[in-house]
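The values are calculated or read from the model by the stated rules, or taken from the named source; none is laboratory data. Not measured: the values here are computed from a predicted model. All Cβ positions, glycine included, derive from the backbone under ideal geometry; neighbour counts span all protein chains shown.
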Amino acid sequence: MRKVRRLLLLVYVLFVSVSVFAPPLSNEKREEHLEMYRIAEELKIVQARQAKELKKYLDAIGHSESRNNPEVYNSYGYIGKYQFGYAARKSCGYGHVKFKDFIKDASVWSEKDQEAAMITLMSKNESHLKHVIQKYNGKEIKGITITKSGILAAAHLAGAGGVKKYFRTGSNPSDAYGTALEDYLLKFSGFNI
């Protein structure tokens with residue numbers, strides 16, 4: 001404890017001595033420092049807004065997939081809040097999470113890990129679909145305004161390959177419950193992520 005106090009005192013003395021003996025800033029440098037501070041504060045605000053919008057987006061997908069229940073599973077082998085299948089879990093580093101273990105004890109795949117897997121999957125899909133996003137973002141197809149958020153949600157439903165095929169051929173695959181890729185393109189198009 002004494003060592004910590006001595007170290008803090010030393011840091012304080014150095015700070016004070018540098019502050020006292022440092023040459024005063026010119027008006028130009030002072031303005032530059034203030035501008036950097038303003039930019040940093042604005043960046044914090046933008047990042048907070050983006051985080052809030054991403055949370056809303058993920059909550060909307062989770063609600064659509066499972067009513068945001070991280071312990072849910074279905075007879076097709078999909079588990080958790082975002083209804084990940086084995087291939088999606090494996091691609092995100094959670095291949096060790098087995099369906100049979102999850103249905104016995106959902107705690108084998110925590111909600112926090114499910115969130116991390118979803119972020120990883122979105123990132124991978126965005127990387128695989130960057131050319132599709134660049135080409136179609138803001139365009140209208142079959143009455144649907146195409147957006148990055150809609151494309152990434154559709155990729156969660158049908159995979160990146162399914163999305164590429166949709167834009168290449170117009171194929172509109174559905175999941176086992178009848179939800180079509182176009183449904184997700186439309187339903188999740190309004191998010192700024």
Of all the residues that make up the range 140-178, how many are part of a loop (DSSP other than H, G, I, E, B) and surrounded by 11 or more Cβ atoms within 10 Å (Cβ to Cβ)? 6
Could you tell me which of the residues Leu129, Leu121, Leu181, Leu157 is hydrophobic (A, V, I, L, M, F, W, C) and touching a His at 6+ places or on another chain (Cβ under 9 Å)? Leu121
Anything in the range 41-62 that is within 11 Å of the chain's Cα centre (by Cα) and surrounded by 16 or more Cβ atoms within 10 Å (Cβ to Cβ)? List them, or say none. Leu54, Tyr57, Leu58
Specify which of the listed residues (Lys135, Lys100, Lys124, Lys90) is in a helix (DSSP H, G or I), in the same structural domain as Ser189 (by TED's automatic domain parsing) and not acidic (Asp, Glu). Lys135
Which of (1) in contact (Cβ under 8 Å) with a residue 12 or more places away in the chain; (2) exposed (fewer than 14 other Cβ atoms within 10 Å of the Cβ) does Lys81 not meet, given it meets every other one? (2)
Can you tell me how many residues in the range 114-135 are in contact with a Phe, Trp or Tyr (Cβ under 7 Å, 6 or more places away or on another chain) and farther than 16 Å from Gly85 by Cβ? 1
Restricting the search to the range 121-139, which residues are exposed (fewer than 13 other Cβ atoms within 10 Å of the Cβ) and of a type in the set (D, E, K, R)? Lys130, Lys135, Lys139
With the checklist (1) surrounded by fewer than 20 Cβ atoms within 10 Å (Cβ to Cβ); (2) over 16 Å from Phe167 (Cβ atoms); (3) of a type in the set (Asp, Glu) in hand, flag the one item Glu65 doesn't pass. (1)
Give the range 179-193 a look and list any residue that's of a type in the set (Ser, Thr, Tyr) and part of a helix (DSSP H, G or I), or say none. Tyr184
Hey, Glu115 in contact with a Pro (Cβ under 7 Å, 6 or more places away or on another chain) and in contact (Cβ under 8 Å) with a residue 24 or more places away in the chain or not: no
Could you check Arg89 against (1) surrounded by 11 or more Cβ atoms within 10 Å (Cβ to Cβ); (2) without any contact (Cβ under 8 Å) to a residue 12 or more places away in the chain; (3) charged (D, E, K, R) and say which number it fails? (2)
Name every residue in the range 106-121 that is of a type in the set (Ser, Thr, Tyr) and either touching an Asp or Glu at 6+ places or on another chain (Cβ under 8 Å) or assigned to a helix (DSSP H, G or I) (or both), in order of residue number. Ser107, Thr120
